[in-house]
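For reference, the structure is listed below as structure tokens.
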Amino acid sequence: MSEPKKPLPTKIGADAPPMPRVMLITGSRKGIGRFLVEHYLGQGYLVEGCSRGESDLSHPNYHHHSVDVADERGVRTMIADINRRHKRIDIVLNNAAIASMNHVLLTPAASANRMFEVNVTGTMLVCREAAKVMMRKRWGRIVNFTTIVAPIALAGEAIYAASKSAVVTLTRILAFELGQWGITCNSFGATPIMTDMIRGVPADKIDAVVNNLAIKRLGTPTDCSNVCDFFIHEQSDNITGQVIYLGGIT
Amino acid sequence: MIELNTAEAIVVASLREVFAQTDLPPPEAITGDTVLVGKDAVIDSLGVVSLIVEVEQRLETEHAISVVLANDKAMSQRNSPFRTVAVLTEHLLSTAREATAQ
């Protein structure tokens, strides 16, 4: 006689932790990262941020770490410090990245290596160390930032786009490796947003990208927070391994 | 700095926690010879992942020592430093000592 089958679970992991939840945002000193810090502070989150430099943001619920995400020891020290003070990390937004526009024939190996170090290894290190803390609570949300320049194969962004494609693949596999502990992992790629990262890109190049979008406008920081809000929502516990590109790009 | 008995207590407590969090049947007793990896292992491969993370987190929260047990040195060894409770305890002890000496 066969064993009676165990009913399949309808829920994995624990219930969502109560507010205020602890959120880590990398690359938080300026641009999208800074906007997201202020967005989530406004919603009552306890926000931890990091960047290579100091932050001028002063808020009772914000703590800044001067850390290069590609520095393994630095990342471990930062995560340990957050865990020591809050006893948990609920959400990670991996926004830190570097970009360098160059034709591939003019791209030095050092520049390519550095982009992969920060964008791929850095994202992996933050995910790895934060997930170790999240596992113990059986709940977590990770959002890794990618870019539409990967799916649109934008000339001049070969290495940056390749590194961000790696982030998408990393995220999809993390979703499977961490799902059993109630941790979701998703990624999203914004359309061009006027931050320091693209300020040096020629206007006609940006216009050409925008004109090929379904929604022909520049991206905004609110576009980013909107997607993050969705991914980190407590009811999004079955949304994982996904990538959302804005502007109609798939 | 931690001593051998402290390291062993961390490993054993972490292993008990892994059993508490999973459907895996716990062994009657946990000793230094309890096998963690390979044939006769009392936990599966995901249990090993959980165990290593639990050990790291306990060392961090209880003794403020931050280590990565699955480091380059450990992963390149011919014999797994995670194969039994005693071997993992030795690995934990040496890794923690290296971390505190830096």
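Every number in this text was worked out from the coordinates using simple rules, so none of it is lab data. These numbers come from a predicted model, not from an experiment. All Cβ positions, glycine included, derive from the backbone under ideal geometry; neighbour counts span all protein chains shown.
Seen from all sides and averaged, what is the projected area of the convex hull of the Cα atoms in chain B, in nm²?
If I average the Cα hull's projected area over directions, I get 6.2 nm².
The charge dipole of the stretch A:142-241, taken about its Cα centre with unit charges on the Cβ atoms of Lys, Arg (+1), Asp and Glu (-1) only, comes to about 260 debye.
Considering only A:89, A:119, A:101, and ranking their Cα positions along the charge dipole of the stretch A:80-151 that arises from unit charges at the beta-carbon of Lys, Arg, Asp and Glu, the one farthest toward the positive end is A:89.
Taking 7 Å steps out from each Cα toward its Cβ at residue A:84 and residue A:162 produces label points 4.0 nm apart. The magnitude of the dipole of chain A, with charges of +1 and -1 set on the Cβ of Lys/Arg and Asp/Glu and taken from the Cα centre, is near 580 debye. Against chain A, whose longest principal axis is taken from its Cα atoms, helix A:158-178 shows a tilt of about 10°.
Assign one of three labels to the protein assembly as shown, namely rounded, prolate or oblate, based on the Cα gyration tensor with a ≥ b ≥ c the square roots of its eigenvalues; rounded applies when a/c is under 1.5, prolate when it is not and a/b is larger than b/c, and oblate otherwise. Prolate. The mean count of C-beta atoms from other chains within 10 Å of the C-beta of residues in A:81-94, rounded to a whole number, is 1.
The longest part of chain B holding none of the exposed loop GluC sites (Glu not before Pro), meaning those outside H, G, I, E and B in DSSP with at most 14 other Cβ atoms within 10 Å, is B:29-102.
When each of the peptides A:69-75, A:133-139 is scored by how many other beta carbons lie within 10 Å of its residues on average, the order from highest to lowest is A:133-139, A:69-75.
Annotation note: trypsin sites (Lys or Arg not before Pro) in the stretch A:202-250 located in DSSP loop regions with a Cβ neighbour count of at most 10 within 10 Å are absent.
A simple charge model with +1 on the Cβ of Lys and Arg, -1 on the Cβ of Asp and Glu and nothing else charged puts the dipole of chain B at about 280 debye relative to its Cα centre.
Taking a straight line from the alpha carbon of residue B:39, these aspartates and glutamates sit under 20 Å away, with near neighbours fewer than eight places off in the same chain left out: B:23, B:28.
Normalised by the number of residues in chain B, the mean separation of alpha-carbon contacts (under 8 Å, six or more apart) gives a relative contact order of 39 percent.
The alpha carbon gyration tensor of the stretch A:167-250 gives principal lengths a ≥ b ≥ c with a/c of 1.5 or higher and a/b greater than b/c, which makes the shape prolate. Dipole orientation for the stretch A:117-250: of the candidates A:170, A:198, A:222, A:170 has the Cα lying most toward the positive pole (charges on Cβ; Lys, Arg +1; Asp, Glu -1). Please average, across the residues of B:53-65, the number of beta carbons from any other chain that are within 10 Å of each residue's own beta carbon, and give a whole number. Rounded to a whole number, the mean comes out at 3. Mind checking the angle between helix A:31-42 and chain A's longest principal axis? C-alpha axes, 0 to 90 degrees, to the nearest 10. That helix lies at roughly 40 degrees to the long axis.
Packing, as the average of other Cβ atoms within 10 Å across residues, places the peptides A:20-29, A:40-49, A:170-179 in the order A:20-29, A:40-49, A:170-179, highest first.
Please give the calculated 222 nm ellipticity per residue for chain A, where each DSSP H segment of at least 4 residues contributes -39500 (n - 2.57) and the sum is spread over every residue; nearest 500 deg cm²/dmol? Computed mean residue ellipticity for chain A: -11500 deg cm²/dmol.
Separation of the alpha carbons by more than 24 angstrom is noted, of A:132/B:73; A:164/B:73; A:30/A:137, for A:164/B:73; A:30/A:137. Taking R0 as 22 Å, what FRET efficiency do you get between residue A:226 and residue A:43 from their Cβ-Cβ distance, rounded to the nearest 0.05? Computed FRET efficiency for residue A:226 and residue A:43: 0.95. Mean separation of Cα pairs under 8 Å and 6 or more residues apart, divided by the residue count, gives the stretch A:186-236 a relative contact order of 44 percent.
Axis angle, to the nearest 10 degrees, between helix A:123-137 and the longest C-alpha principal axis of chain A: 20 degrees. For trypsin sites (Lys or Arg not before Pro), the sites in the stretch B:1-86 that DSSP calls loop and that have at most 15 other Cβ atoms within 10 Å are B:39, B:78.
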